[in-house]
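What follows is a single structure, written as structure tokens, with notes after it.
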Amino acid sequence: MDGTLIPMDSSWSFIHRILGTVNAASIYRRMYEEGKISYRKWAELDVSTWRDKDFTLVLSKVEDLNLMEHARESISILRENGFIVGLISSGLDIVARKVCKELDMDFCRSATLKIVNGKVVGIDKELAPELKGYVLRSIARDYGISLSRTAFVGDGDSDLSIFQMDIGLKIAFRARSEQIVRLADYSVKDLLEAAKILLIWKGSN
């Protein structure tokens with residue numbers, strides 16, 4: 001989602017910038033990157049910086065978010081050609097729900113915040129990057145689709161657990177990771193280009 005379907009680096013950072021909690025969050029991010037805390041602990045600490053803050057401004061800003069260029073057209077083309085299309089993101093549900101609704105996604109998986117009376121009280125569920133592959137495998141199984149008929153579009157190291165899998169097609173979109181580029185079957189800079197590759201791939205399988 002972040003960096004592929006919407007033009008932002010991180011939905012977490014997006015909220016920190018709005019609420020003025022970037023500095024506090026950077027401390028916890030450094031602890032996680034240095035291996036001092038788990039992903040779950042990082043998510044809990046990161047979200048704790050938003051507690052007791054009025055979240056209505058964030059929700060308003062989310063509604064104003066724009067989709068990535070050609071996202072709507074690309075998803076529409078794929079759906080018209082029989083693809084099951086969805087989102088798997090370590091980003092946050094308040095953004096993911098908007099994206100999935102606007103693009104009429106078949107499935108939507110992301111981290112989930114606990115929000116009560118317009119304020120964040122914690123995190124209900126995180127989706128660690130290393131679990132994305134497991135989530136994709138589970139979704140494919142639910143739809144009765146083999147991994148060889150599954151494709152994925154991603155852009156960064158948080159997608160590695162999927163790009164390291166043996167699936168039908170892997171496309172790097174404006175990749176922010178050299179590893180992703182190396183593991184990808186194709187590397188593109190436009191979502192319409194990704195959609196065209198997917199249509200050709202579907203026709204050959």
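Taking amide hydrogens as modeled 1.01 Å from N in the peptide plane, which residues meet the under 5 Å criterion relative to ILE123, leaving out close sequence neighbours?
Under 5 Å from the amide H of ILE123 lie the amide H atoms of LYS114, each far enough along the sequence or on another chain.
Tell me, what ³J(HN,Hα) does each residue in the range 120-135 have, in order and in whole Hz, if you take phi through Karplus 6.51 cos²θ - 1.76 cosθ + 1.60 with θ = phi - 60° and put x for Gly and Pro?
7, 10, x, 10, 7, 7, 9, 10, 4, x, 5, 9, 4, x, 4, 5
If contacts are Cα pairs under 8 angstrom and at least 6 residues apart, what is the relative contact order of the range 11-203 in percent?
Values: 279 pairs, mean separation 32.7, N = 193.
It comes to 17 percent, rounded to a whole number.
Using the Cα centre of the chain as the reference point, and only Cβ charges (+1 on K/R, -1 on D/E), how large is the resulting charge dipole? Debye, rounded to the nearest 20. Numbers along the way, then the final one.
Numbers: 29 positive and 29 negative charges, 69 e Å.
It works out to roughly 340 debye.
GNM on the chain, C-alpha springs below 10 Å: top fluctuator among LYS98, LYS36, LYS170?
Judging by the Gaussian network model, the answer is LYS36.
How much length would be gained if the chain were fully extended between ARG30 and THR112, taking 0.36 nm per residue of separation minus their Cα-Cα distance, in nm to one decimal?
Working: separation 82, 0.36 × 82 = 29.52 nm, distance 2.22 nm.
Net length gain for the segment: 27.3 nm.
Over the range 57-164, what number does the Rg to Rh ratio reach, with both radii from the alpha-carbon atoms and Rh per Kirkwood?
Details: Rg = 14.8 Å, Rh = 15.2 Å.
Answer for the range 57-164: 0.98.
Taking amide H positions as placed in the peptide plane 1.01 Å from N, state which residues far from SER110 in sequence (5 or more) or on other chains have amide H under 5 Å from it.
For SER110, the qualifying residues are SER89.
When the chain is fully extended, how far beyond the present Cα-Cα distance does GLU73 get from SER204, taking 0.36 nm per residue of separation?
Working: separation 131, 0.36 × 131 = 47.16 nm, distance 2.23 nm.
Difference between extended and current length: 44.9 nm.
Tabulate in residue order the Karplus-calculated ³J(HN,Hα) for the range 150-157, using 6.51 cos²θ - 1.76 cosθ + 1.60 with θ = phi - 60°, rounded to whole Hz; enter x for Gly and Pro.
Per residue, the Karplus-derived 3J(HN,Hα) values read 10, 10, 9, 10, x, 9, x, 4 Hz.
Can you give the direction-averaged projected area of the convex hull of the alpha-carbon atoms in the chain, in nm²?
Values: hull surface 44.6 nm².
For the chain, the mean projected area of the Cα convex hull comes to 11.1 nm².
Summing +1 for each Lys or Arg and -1 for each Asp or Glu, what net charge is found among the other residues whose Cβ lies under 15 Å from the Cβ of LYS36?
Spelling it out: positives minus negatives among the neighbours equals 0.
Residue-wise, which Karplus ³J(HN,Hα) couplings in Hz belong to the range 88-95, taking 6.51 cos²θ - 1.76 cosθ + 1.60, θ = phi - 60°, and x for glycine or proline?
10, 9, 7, x, 9, 4, 5, 8
Just so you know, all these numbers are worked out from the coordinates, no wet-lab data involved. This structure is a prediction, so every number in the text was calculated from the model and none was measured. Methodologically, a virtual Cβ is constructed for each residue, glycine included, from the backbone with ideal geometry; neighbour enumeration extends over all protein chains shown.
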